Every structure is written in structure tokens, then in C-alpha cells.
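The values are calculated or read from the model by the stated rules, or taken from the named source; none is laboratory data. Please read all numbers here as calculations on a predicted model, not as lab measurements. Cβ sites come from the backbone with ideal geometry, for glycine too, and all protein chains shown count toward neighbours. Only protein heavy atoms, including side chains, enter the accessible area calculation; ligands, DNA and RNA are left aside. Shrake-Rupley method; radii C 1.70, N 1.55, O 1.52, S 1.80 Å.
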Amino acid sequence: TELIVDGQYIMSPKDLKTIDFLDKVVKAGVKVLKIEGRGRSADYVKVVTRCYKEAVQAIEDGTYSKEKIADWDQRLATVFNRGFWDGYYLGRKMGEWTDRYGSQATETKVYIGKVTNYFNRIGVAEVRLETANTMAVGDRYMVLGQTTGVYDDTLREIRLNKGPVPQAKQGDAFSFETKVPLH
């Protein structure tokens, strides 16, 4: 017996996304949502749970709108995904399969270095930039840690040798202020 498949993969399902019609799901009486997080990165879990929490709150306070849905869709697309579909809800009969393998996230994460010290009293992190990438004022960054979880922000200032600089390069131990402790 031979199995002939049009694409390269037999099945690669798109990720289920119900935020576009979550108001209908809630109105139908659903009280609990399961967010798939097993085997996913901490930043995926953070973004997805935050978007769905905001959506449920918007439904409850009457501010759920197409504009908010568009914002949540954009934010959800930034983390690992295999493309999105709305499942077998709303009368859909057939599933959807992605035409390419792997993530279709609109953002990529690049390792740049490690937090080498955190100064609790002044709220400043020190990072050793280990890769050939540079970090500049205005760049977005994400820190993942066992006690920090996921923290993301934008560099407002970079300090090198106690003075402000526009960017840091490989080998630099630079510091910047954070809103939460990074450990």
C-alpha cells in the first residue's frame, strides 16, 4: 500500500484561535477556556493568556470590538504559531492544514546574552552581550528566567562604564533600568 500526499507533511494542523468570536463562546455559556501551553515557550503562554484575559474582560465590560480583536490578532501572531483557524466552530465542516512546517510567527527571538547581575536597590540589570548582535536604545528585548518568568520592554537608556551610550556590542557588559527584578 502506498500513501500519496500532495504536500510534504501528512498533517500539520493550524493553531486554534477563537478570540475573533469569543463573545459568542462566552454567550453560549462557556465558563472555562483551556489555553495550550504544554511544550510552548514562556513568552507564548504570556502573550496568549494576556490576550484572552483582555478579551474576556472586554466582553464583560462591553468594550469587545473589531479594533481590539485586530490588536489581539497582531499580538498573537508574534509568538510561535502554525497559522490560525477557527476550529469546527460556527458550522465549519473541514479542518485546515498549514502548507509549511514550523512557526509562522511575525517576530523572531534572538539570543544576545545573559543577565550577569541585578541591582535591586536601583532597579538596574547588567547584561553581557555574548553574540555579534548589537543592542541599541529603542530596541525591544525579552528576558526569560526561572524566577523572572518572561519580562519584555524597550531599552530607554544603555549605560556602559557608568555613562550613557547609544548602543552596546559583542563583549560589552552594559546596564539598563527595568521595572521588575531580573533574576
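Note on segment 113-172: residues that are among the hydroxyl-bearing types (S, T, Y) and in contact with an Asp or Glu (Cβ under 8 Å, 6 or more places away or on another chain) amount to 4. With a requirement of 3 or more residues that are out of contact with any helix residue (DSSP H, G or I) (no Cβ under 6 Å at 6 or more places or on another chain) and within 25 Å of K109 (Cβ to Cβ), the helices (runs of 4 or more DSSP H) lying completely within segment 22-86 that satisfy it span 42-61, 66-76. Within segment 157-183, the set of residues being within 27 Å of the chain's Cα centre (by Cα) and open to solvent by 90 Å² or more (accessible area, probe 1.4 Å) comprises P166, Q167, K169, Q170, E177, K179, H183. Taken together, the residues in segment 32-53 that are at pLDDT 90 or above, surrounded by fewer than 17 Cβ atoms within 10 Å (Cβ to Cβ) and not aliphatic (A, V, I, L, M) amount to 3.
Based on what the data block shows, is G83 more than 17 Å from V150 (Cα to Cα) and either touching a residue at least 60 places away in the same chain (Cβ under 8 Å) or touching a Gly at 6+ places or on another chain (Cβ under 8 Å) (or both)? Walk me through it before giving the result.
On the way: more than 17 Å from V150 (Cα to Cα): yes; either touching a residue at least 60 places away in the same chain (Cβ under 8 Å) or touching a Gly at 6+ places or on another chain (Cβ under 8 Å) (or both): yes.
In short, yes.
Keeping to segment 128-153, report how many residues are over 20 Å from the mean Cα position of the chain (by Cα) and within 19 Å of Y118 (Cβ to Cβ).
Filtering segment 128-153 down to residues over 20 Å from the mean Cα position of the chain (by Cα) leaves 128-134, 136-137.
In the following step, the residues that additionally are within 19 Å of Y118 (Cβ to Cβ) were identified as 128-130.
Result for segment 128-153: 3.
Residues in segment 64-100 that are closer than 30 Å to E130 by Cα and open to solvent by 50 Å² or more (accessible area, probe 1.4 Å) were compared, and the one that is modelled with the highest pLDDT is R75. When the residues of segment 138-156 are filtered to those that are in a loop (DSSP other than H, G, I, E, B) and open to solvent by 70 Å² or more (accessible area, probe 1.4 Å), the one that is nearest to Y44 (Cα to Cα) is Q146. Condition check for G7 on (1) open to solvent by 80 Å² or more (accessible area, probe 1.4 Å); (2) at pLDDT below 85: one failure, at (1).
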